[in-house]
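Only one structure is covered here, and it is reproduced in the block below.
Values quoted throughout were computed directly from the atomic coordinates according to the rules given, and no laboratory measurement underlies them. Here the structure is a predicted model, which is why all the values come from computation and not from measurement. Because the Cβ atoms are built from the backbone with ideal geometry, glycine has one as well, and the counts that use them run over all protein chains shown.
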Amino acid sequence: MPARSGALREGEPVLLLDRRRRRYLIVLRPGGASDLRGGKVLHDDLLGQEEGRVVRSSRGERLLVVRPTLAEFVLEMPRGAQVIYPKDLGAILIAADIFPGARVLEAGTGSGALTMAVLRAVGPSGRVVSYEVREEFARIAERNIRRFLGDTDALVLRRHDIYDGVRPEDVPLDRVLLDVPEPWRVVPHAAAALPPGGIVLAYLPTVPQAVQTVETLRTSGAFALIETTEVLMRPWNVEGRSVRPAHRMVAHTGFLVSARRVQPQAVELPAPAAEDAAETEGDPDAPTA
Ligand SMILES: C[S@@+](CC[C@H](N)C(=O)[O-])C[C@H]1O[C@@H](n2cnc3c(N)ncnc32)[C@H](O)[C@@H]1O
């Protein structure tokens, strides 16, 4: 994976921000130029320089130059399919307990946002296999991933339909992450591919999809500890005396449904009622019986 410090180099993605916080993602090329709203920026003015400085465009606009974070890159990179938002990417890594060295299967690759987040979390000793059915999306994702992370042996991209099952060469697995329209169709395949303790997680935009996934997991006889969550993130404006929530926020993106692969005799363990769970966690506001 490319170094993300020191002087800016050829082929690196760089983020330029103008005084209105408009963002421009460019890729540095010797002799290259980018036409922005505030004028032209010459790449040779950036190559070999440190990030965190200001560059002037041909029209005198001042632009802050930084390497994009993963979240910034995901929001600005070319898209085929809709990406998973950064607020959900972070939650997915924790809910699915993605660890260094983990062997993860993902479907579908889409634009590669989740793939990149997982690749960084598993590190060079891990493996991420990602299935995608649409050739054009796979190509966009591959370009995005290479641009941000460089070449990595930890990634395997396959044109494969996850509904047809997990390919034998891709097991053993520790985790299965799903961002496809009908993840309930993958539950039997995930059950067959995951060892006891393994985690499956599906990302779902709508309530009916979440319900069908939970029901299928529940009746599969292979999964327990099924949890459904949603991440709400509210940005704040902090400027002088204007300290308040931002007027706009990303209200809804998707639900996270996760479950643990367990032995058949463990499936029947009763789920705690919401109140019991709150009490166990020491919530002082939890109602008492
Ligand atoms: C919403 S996008 C995934 C976005 C991705 N998680 C990201 O963060 O960039 C869903 C992707 O799943 C792919 N897909 C749909 N059904 C599939 C299947 N059965 N097997 C593999 N990929 C599938 C679609 O072509 C699409 O690219």
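A few comments on the model shown:
- Charge dipole of segment 136-196 (Cα centre as origin; +1 on each Lys and Arg Cβ, -1 on each Asp and Glu Cβ, all else neutral): 180 debye, rounded to the nearest 20.
- Net charge, ARG20 excluded, C-beta distance under 15 Å - Lys, Arg +1, Asp, Glu -1: +4
- Scaled against the 2.2 N^0.38 Å expected of a compact globular protein of N residues, the Cα radius of gyration of the chain reads 1.16.
- Rg [Å, one decimal], Dmax [Å, integer] - segment 47-160, C-alpha atoms: 15.9, 50
- Using alpha-carbon coordinates, inclination of helix 113-122 to the longest axis of the chain, degrees: 80 degrees
- Cα-centre dipole for the chain with unit charges at Cβ (Lys and Arg positive, Asp and Glu negative), debye to 20: 1560 debye
- Segment 13-68 - share of DSSP beta bridges that are antiparallel (%, nearest 5): 100 percent
- Each residue in VAL14, VAL200 was given a count of other beta-carbon atoms within 10 angstrom of its own, and listing them fewest first yields VAL14, VAL200.
- Dipole axis of the chain (+1 Lys, Arg; -1 Asp, Glu on Cβ), positive-most option in PRO235, PRO205, GLN265: PRO235
- Cα gyration tensor, segment 124-170 - rounded (a/c under 1.5), prolate or oblate: oblate
- For segment 13-68, a Kirkwood hydrodynamic radius built from all Cα pairs, placed in the Stokes-Einstein relation at 20 °C and 1.002 mPa s, yields a translational diffusion coefficient of 196 µm²/s.
- Since only TYR24, LEU194, GLY39 are under comparison, the one whose Cα sits farthest along the positive direction of the charge dipole of the chain, derived from C-beta charges on Lys, Arg, Asp and Glu, is GLY39.
- For ALA113, net neighbour charge (Lys/Arg +1, Asp/Glu -1) across residues whose Cβ lies under 15 Å away: -1
- Only helical runs count toward this figure. For the chain, summing -39,500 (n - 2.57) over DSSP H runs of n ≥ 4 and dividing by all residues gives -7000 deg cm²/dmol at 222 nm.
- Residue order, fewest to most surrounding Cβ atoms within 10 angstrom, among SER130, SER57: SER57, SER130
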